[in-house]
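The block underneath contains the structure these notes are about, expressed in structure tokens.
The values are calculated or read from the model by the stated rules, or taken from the named source; none is laboratory data. In this text the structure is predicted, and so the values were computed from the model without any measurement. With ideal geometry, Cβ positions are generated from the backbone for all residues, glycine too; neighbour counts draw on all protein chains shown.
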Amino acid sequence: MRRLLHDTTIEGTVTRITDFKSNARQYEMHHPNTEVSVTTTTEKKTFHAGDWFIPMDQVANRFIVETLEPQSEDSYFAWNFFDAILGQKEGFSGYSFEDIAADYLRKNPESRKLLEDKKQSDTAFARDARAQLNFVYQHSPYFENSYQLYPVFKVE
């Protein structure tokens with residue numbers, strides 16, 4: 001492993017956890033996460049001096065992949081080492097966010113279309129004003145960007 005000496009911007013793969021199952025019973029003091037689903041995007045990300053870079057040209061490649069890929073059976077994610085990313089820390093207050101959401105939807109027709117499409121395809125969602133407001137929140141710049149963001153960035 002190498003520690004970055006300077007702030008550095010790198011393009012690579014960002015992974016978000018979209019779904020998983022967590023065993024109800026613990027095993028070896030953990031509650032393993034299984035059936036992990038992810039989405040990936042290519043993004044530029046700024047890393048800071050002191051962050052770690054792990055090159056993939058070494059004898060330990062298999063260990064690195066098995067522990068850092070979130071969908072691996074024995075990954076650090078499977079064994080709960082990254083559970084902090086699963087808790088949404090920020091939120092919104094319905095009464096104060098309603099006006100912001102309405103303004104955001106007026107200015108962002110693509111988000112408005114996403115909302116309307118979801119309401120058309122999901123009747124329970126169409127009847128749930130709180131769920132709709134949360135949907136707008138999750139698709140807005142006000143949403144907590146680190147929520148379910150896997151803390152490992154891949155450079156191709």
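Key figures
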read-out: Positions within segment 43-84 being over 19 Å from Leu4 (Cα atoms) and more than 20 Å from the chain's Cα centre (by Cα), in sequence order; value: Val59, Ala60, Asn61, Arg62, Phe63
read-out: Pair list, Cβ < 9 Å and 6+ apart or interchain, from segment 67-89 residues that are on the phi > 0 side of the Ramachandran plot to residues that are modelled with pLDDT under 95 and crowded, with 16+ Cβ neighbours inside 10 Å; value: Asn80/Pro32; Asn80/Asn33
read-out: So Asn134, is it surrounded by 11 or more Cβ atoms within 10 Å (Cβ to Cβ), closer than 24 Å to Arg16 by Cα and in contact (Cβ under 8 Å) with a residue 40 or more places away in the chain; value: yes
read-out: Met29, sole failed condition from (1) farther than 21 Å from Val65 by Cα; (2) at pLDDT 95 or above; (3) among the aliphatic types (A, V, I, L, M); value: (2)
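Residue-wise test of (1) loosely packed, with under 14 Cβ neighbours inside 10 Å; (2) over 15 Å from Phe153 (Cβ atoms); (3) touching a residue at least 60 places away in the same chain (Cβ under 8 Å); (4) not hydroxyl-bearing (Ser, Thr, Tyr).
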position: Thr9; (1), (2), (3), (4): yes, no, no, no
position: Thr34; (1), (2), (3), (4): yes, yes, no, no
position: Lys44; (1), (2), (3), (4): yes, no, no, yes
position: His48; (1), (2), (3), (4): yes, no, no, yes
position: Ile54; (1), (2), (3), (4): yes, no, no, yes
position: Ala60; (1), (2), (3), (4): yes, yes, no, yes
position: Phe63; (1), (2), (3), (4): yes, yes, no, yes
